[in-house]
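Visitor: Below: one structure in structure tokens.
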Amino acid sequence: MQINRIAFIGAGNLASALIEGILKGGAVKSSDIFVNGRDFQKTSDFAKKFGIKAVSDKKEAVEGAEIVFLTVKPQILTSVLVEIAPYTAQNQIIVSAAAGISIKYIEDILGKDIPVIRIMPNLCFSEGAGAAVFCGGQNTAQQDLQKIEFLFSNTGIVKNIDEKFFEAAAALLGSGPAYIFYFCQAMEEAGIKLGLAPDISKTLAAQTVFGAGKMLSESVLSAEDLRKKVTSPNGMTLKAIENFQKRDLFGIVFESMLKAKERSVELGQTKK
């Protein structure tokens, strides 16, 4: 499969992760990626990091692009859609990464039978270990969806799901890396309090999280089964797990993810 030109509207952290993932995966050459942002100087600096081209106006970015990624905040998506609508064409694919905003809403603003795909990725694509969910609208063909899978399949996991589950997925995979970083920070700080040197504690915590994630992704066993394999009867790990259970760690995680999901919905309602 060949994709000739991609445009990004928005030059923030998410665009950075996706572009880096696309380039690492080898699906598109850097010379075929264009980016437009609000501040042209910052966008130019952004583009130089990847060897892609910064353009000063959205028309230049969108016209001729095979796929247009909208990596802007939900609050400004409407104004961006209104601005690019005159330059979009039915042979293009519009891909939105804005939390909480439906495909139908985007289709209505564009006002033409153009393929629209909604995607929810996380920042780990920059490390070749991303996760994303996506779905297509009423004008989206199977080959359009296959192009998105092609772009990211070499640098992460991409799953096609029903749009009604998007906010739940956003709370899990979109925000998920921050949860892991936060838990790793807690392990690191606990190690320091228990007497480890800060650099040793950080290294051990990071490698433990990395190794556990690798085991989980490569094993046929569930997370629960793997946890039990590490938890010997009456051992030290059991004491830690019992304390997590006493403090209702599962309940805390669920309530936190629920709040993230609710915020995703709220962001979609504040679009302008």
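The values are calculated or read from the model by the stated rules, or taken from the named source; none is laboratory data. Just so it is clear, the model here is predicted, and its values are computed rather than measured. All Cβ positions, glycine included, derive from the backbone under ideal geometry; neighbour counts span all protein chains shown.
Visitor: Whether any residue in region 240-251 is assigned to a helix (DSSP H, G or I) and surrounded by 14 or more Cβ atoms within 10 Å (Cβ to Cβ) is what I want to check.
Guide: Yes: one or more hits.
Visitor: Looking at (1) outside any strand (DSSP E or B); (2) on the phi < 0 side of the Ramachandran plot, which one does VAL68 not meet, given that it meets all the others?
Guide: Failed condition: (1).
Visitor: I need a count of the residues in region 179-207 that are assigned to a helix (DSSP H, G or I) and either of a type in the set (A, V, I, L, M) or surrounded by 13 or more Cβ atoms within 10 Å (Cβ to Cβ) (or both).
Guide: Residues in region 179-207 being assigned to a helix (DSSP H, G or I) and either of a type in the set (A, V, I, L, M) or surrounded by 13 or more Cβ atoms within 10 Å (Cβ to Cβ) (or both): 18 in total.
Visitor: Follow-up question, since we're still on this one. ALA99 fails exactly one of the following numbered conditions: (1) buried (at least 22 other Cβ atoms within 10 Å of the Cβ); (2) not assigned by TED's automatic domain parsing to the domain that holds ASN13. What is the number of that condition?
Guide: Looking at each condition in turn, ALA99 falls short on (2).
One line per residue, one yes/no per condition, for (1) β-branched (Val, Ile, Thr); (2) surrounded by fewer than 22 Cβ atoms within 10 Å (Cβ to Cβ); (3) touching a residue at least 24 places away in the same chain (Cβ under 8 Å); (4) under 25 Å from ILE157 (Cβ atoms):
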residue	(1), (2), (3), (4)
MET1	no, yes, yes, yes
ASN4	no, yes, yes, no
ILE22	yes, no, yes, yes
GLY26	no, yes, yes, yes
ALA47	no, no, yes, no
PHE50	no, yes, yes, yes
LEU70	no, no, yes, yes
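For (1) surrounded by fewer than 18 Cβ atoms within 10 Å (Cβ to Cβ); (2) outside any loop (DSSP other than H, G, I, E, B), each residue gets a yes or a no:
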position	(1), (2)
ILE106	no, yes
MET120	no, yes
VAL133	no, yes
THR140	no, no
VAL158	no, yes
PHE165	yes, yes
ALA170	no, yes
PRO177	yes, yes
